[in-house]
Amino acid sequence: MLVLLGTGVVAGVLFAVAISVVPALIAMTPDRYVDTHRLLGRRYDRIMPFVVTGSTAIDVGFAVRAHGGPRLLFALAALFMAGVAVVSQTRNVPMNRQVKQTRPEDLGPGWRDPRPAWRGWHLVRTCCAFMGCALSAAAVVAS
């Protein structure tokens, strides 16, 4: 089903970022981090909102059409996937924009490193994505 593909991709991408990309970014010097962050965001920023929104919409559509337990499971999955979108757009994306606007001269001792906060919010949205994927899978099985 398309809903499993979408929610699985979101959960998988966010998980991969959490276990491989974030630790690498945290280990970098600030100037290298800023340059690498700009490169990484070019692709993710374009495709992930579409996949998250599409998966959420599919879960909503199934929730409307389903009956009984699957309806509740699809609705809960949609809420968790919406949580991914809300955290992304209100927490991670603003930090991403800030980093993209950072100039090398801004990286002095007064620079406020966004990496710890970004990692924390990323883990929140990753957990939401896993819950959305698991609930979508349970709803498909129960249907």
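Taken as a whole, the stretch 127-138 holds no residue that is exposed (fewer than 13 other Cβ atoms within 10 Å of the Cβ), part of a helix (DSSP H, G or I) and not acidic (Asp, Glu).
Among residues of the stretch 11-27 that are farther than 26 Å from Ala77 by Cα and at pLDDT 95 or above, those with a beta-carbon under 7 Å from a residue that is open to solvent by 20 Å² or more (accessible area, probe 1.4 Å) and of a type in the set (S, T, N, Q) at least six positions away or on a different chain give the pairs Leu25/Thr36.
Residue by residue, here is whether (1) out of contact with any helix residue (DSSP H, G or I) (no Cβ under 6 Å at 6 or more places or on another chain); (2) open to solvent by 20 Å² or more (accessible area, probe 1.4 Å); (3) hydrophobic (A, V, I, L, M, F, W, C); (4) more than 21 Å from Val124 (Cβ to Cβ) holds:
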{"residue": "Val17", "(1), (2), (3), (4)": "yes, no, yes, no"}
{"residue": "Val21", "(1), (2), (3), (4)": "yes, yes, yes, no"}
{"residue": "Leu73", "(1), (2), (3), (4)": "no, yes, yes, yes"}
{"residue": "Thr102", "(1), (2), (3), (4)": "no, no, no, yes"}
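Among residues that are open to solvent by 70 Å² or more (accessible area, probe 1.4 Å), at pLDDT 95 or above and under 11 Å from the mean Cα position of the chain (by Cα), Val52 is not included. Criterion first (farther than 27 Å from Leu40 by Cβ, assigned to a helix (DSSP H, G or I) and more than 13 Å from the chain's Cα centre (by Cα)) does Ala57 satisfy it? So Ala57 fails the test. Taking every residue in the stretch 132-143 that is hydrophobic (A, V, I, L, M, F, W, C) and pairing it with any residue that is buried (at least 22 other Cβ atoms within 10 Å of the Cβ), at least 6 positions away or on another chain, the pairs with Cβ-Cβ distances below 6 Å are Cys133/Thr7; Cys133/Ala11; Leu135/Leu73; Leu135/Ala77; Ala138/Leu73; Ala139/Leu73; Ala139/Phe74. Scan the stretch 23-43 and give yes if some residue there is basic (Lys, Arg) and within 22 Å of Gly83 (Cα to Cα), otherwise no. Within the stretch 23-43, one or more residues are basic (Lys, Arg) and within 22 Å of Gly83 (Cα to Cα).
For Trp111, the conditions (1) over 28 Å from Ile58 (Cα atoms); (2) open to solvent by less than 80 Å² (accessible area, probe 1.4 Å); (3) assigned to a helix (DSSP H, G or I) all hold with the exception of (3).
The values are calculated or read from the model by the stated rules, or taken from the named source; none is laboratory data. Keep in mind that this is a model prediction, so the values were computed, not measured. When we count neighbours, we look across all protein chains shown, and the Cβ atoms used for this are built from the backbone with ideal geometry, even at glycine. These area figures cover heavy atoms from the full protein model, side chains too; ligands, DNA and RNA do not enter into them. Shrake-Rupley method; radii C 1.70, N 1.55, O 1.52, S 1.80 Å.
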